[in-house]
Each structure stands twice: as structure tokens, then as C-alpha cells.
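One structure below.
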Amino acid sequence: MDIIVLKDVHKSFGPQKVLRGLNLNLHKDNVNVIIGKSGGGKSVLLKHIIGLLKPDKGQVIIDGQDIVPLSERELATVRQKFGMLFQEAALFDSLTVAENVAFPLKEHTKKKHKEIMEIVEEKLAQVGLKGMGYKMPSELSGGMRKRVGLARALALDPQIVLFDEPTSGLDPVMSAAINELIVRTKEEFGATCVVISHDIPATMATADFIFMLYEGKIIATGTPDEIKHWDDPVVQQFIHGRAKGPIRVV
Ligand SMILES: Nc1ncnc2c1ncn2[C@@H]1O[C@H](COP(=O)(O)OP(=O)(O)OP(=O)(O)O)[C@@H](O)[C@H]1O
């Protein structure tokens, strides 16, 4: 079943047409990776999926429900299906690691402090940060901060976890660890993962399905193997990182 479906989505900012009749079907319980050039509209697409932006035209169907007509209050309920790991982990620097992970539980549940702290410990252990709850974010490495971000994203046991460029700025070993975490998020937590990535080797290693965004549309959809052999010079140029080809470098 497709948990996220976008139908003929159009979005412009002034004269700039960012999404131009985009169709996308993301598969439940899989790692779905969206690739595409910088400034191509991947973040804009992600914002449509969580209802932070509304399309000029088209449907955004989450778990069977078109979220485009929903009010802010109704959207807040839909957003509880999502966990989100932002690019820079977006931790609250004045709160401890444990308080960061506890934050969504305090905001969105009526659970007691003791129960919240048990969940926090469990989530931290699951991302390899057992006993680190007392630390401040500034005391952590970039990879550890991402893992705290992931523990926070998983705190409410979301059905869907969104990862916005999860390995940007990390060394290769830390990137590999984060990629493993994405696969574990699917396998152990049973979540559907939606990943935005520039990292082609990581995408090939972790994705069940890859979607390539180009000029406001999804121009290729397939397994890593299918995308590797996709018969389109745009896709081939992108996945091989060639400077020359049909993709214009602006
Ligand atoms: N709120 C907004 N108002 C005006 N223009 C916007 C807005 N949000 C995004 N854009 C424009 O839409 C285009 C696509 O931006 P977006 O951030 O989605 O690209 P991206 O594919 O995520 O890029 P990157 O990989 O570099 O993060 C950009 O030209 C950006 O300037």
C-alpha cells in the first residue's frame, strides 16, 4: 500500500515553478529515497508531505486522507504520524539530551514523568546513546547529535520518519552508521522512511525505492538496481556525478 501519494502537485513561488505536476507514490514500510539536484525542490516537496506548504493545485494523500483541505488543527493531528530528523538535527541547545528526546512526549501525551523518562532511556539505547541523557547537545559530535535527533523523532512511535539529508556534514564512517540506523528504523520500528539525499552510494545501499526529482516532476522511480540502469541521460549524469550532461549547473 502507498502511505504517501502526491497527485499532480503544482507549486510556484512568484514566477518560479518549483513543482510542476508532480506525481509520487511512496511505499509503506520501505526506505524511500528522493534524490535530485540542489535547489530542485526536495525540501519544498517534503514540506508538502507534512502540510507545512499547500500546493497551488493537486492532492497530497497521507495514509488515505487528502491533507490539502485540512485546517491547521487537523494538520497537527496528521503530523503526529510523522517523526522528522532535520538536516542539522535541530536540537534545543539549552536542554539536555534527555529533555530533547522527552520534548514531544511532554507536548503531545499525558504520560507521567517516570514513564517519559523510561521511554527516553529506551529510545537513547536504541540509537546507541545509552546513559547519555545528562549531556548537553554542545558536548556531542555531529553524528551523536543526529542520533539524538533520531531518538526524538522516534519518541512518539511514528508511522513515517522523514530524514532531510541525514548524512550531510558527516565523515564516511559516521554516515555509514546513520545509514544503518535508517535501515534499522524500518526493520525494528516498522516505520516507513522517507529520505532526502545527495549521497548516491548511501542511497544505493539503503533505499528500497529511489525517486528522482527533476524540473518539478519525478522522472524516475525504481529499485537501486533499476535506477542504476535507468535509460535517461539526466538520471545517469546525476547518479554518476558528472559535470557534463543535460543537467544545467546554475
Ligand atoms: N518559502 C519560499 N518562498 C520562496 N521561494 C522558495 C520558498 N521555499 C523554497 N523556495 C525556492 O524553491 C526552490 C527549491 O528549494 P528547495 O529548498 O526545495 O530545494 P532542495 O532541492 O531542497 O535544495 P537543497 O538540496 O540545496 O537543499 C529554491 O529555488 C528556493 O529558493
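The values are calculated or read from the model by the stated rules, or taken from the named source; none is laboratory data. This is a predicted model, so every value here is computed, not measured. Neighbour counts run over all protein chains shown; Cβ positions are idealised from the backbone, glycine included. In case anyone asks, the SASA skips ligands and DNA or RNA and just uses the protein heavy atoms, side chains included. Shrake-Rupley method; radii C 1.70, N 1.55, O 1.52, S 1.80 Å.
Summary of computed values
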item	result
Condition check for LYS47: open to solvent by 30 Å² or more (accessible area, probe 1.4 Å) and outside any loop (DSSP other than H, G, I, E, B)	yes
Top-ranked residue in segment 133-152 [being part of a loop (DSSP other than H, G, I, E, B) and in contact with an Asp or Glu (Cβ under 9 Å, 6 or more places away or on another chain); ranked as surrounded by the most Cβ atoms within 10 Å (Cβ to Cβ)]	GLY133
Residue satisfying all of: in segment 104-114; assigned to a helix (DSSP H, G or I) and open to solvent by less than 80 Å² (accessible area, probe 1.4 Å); farthest from LEU85 (Cα to Cα) among these	LEU105
Checklist (1) under 30 Å from GLN237 (Cα atoms); (2) away from the ligand (no atom under 16 Å from the Cβ); (3) more than 19 Å from the chain's Cα centre (by Cα); (4) not small (Gly, Ala, Ser) applied to PRO15, failing item	(2)
Residue match in segment 23-39 (condition: within 16 Å of the ligand (Cβ to nearest atom) and surrounded by fewer than 19 Cβ atoms within 10 Å (Cβ to Cβ))	yes
Residue ranges of helices (runs of 4 or more DSSP H) in segment 170-250 with at least 1 members farther than 24 Å from VAL18 by Cα and touching a Pro at 6+ places or on another chain (Cβ under 7 Å)	172-189, 200-206
Pairs where the first residue, in segment 104-121, is more than 12 Å from ASP157 (Cα to Cα) and the second is open to solvent by 100 Å² or more (accessible area, probe 1.4 Å), C-beta under 6 Å, 6+ apart	none
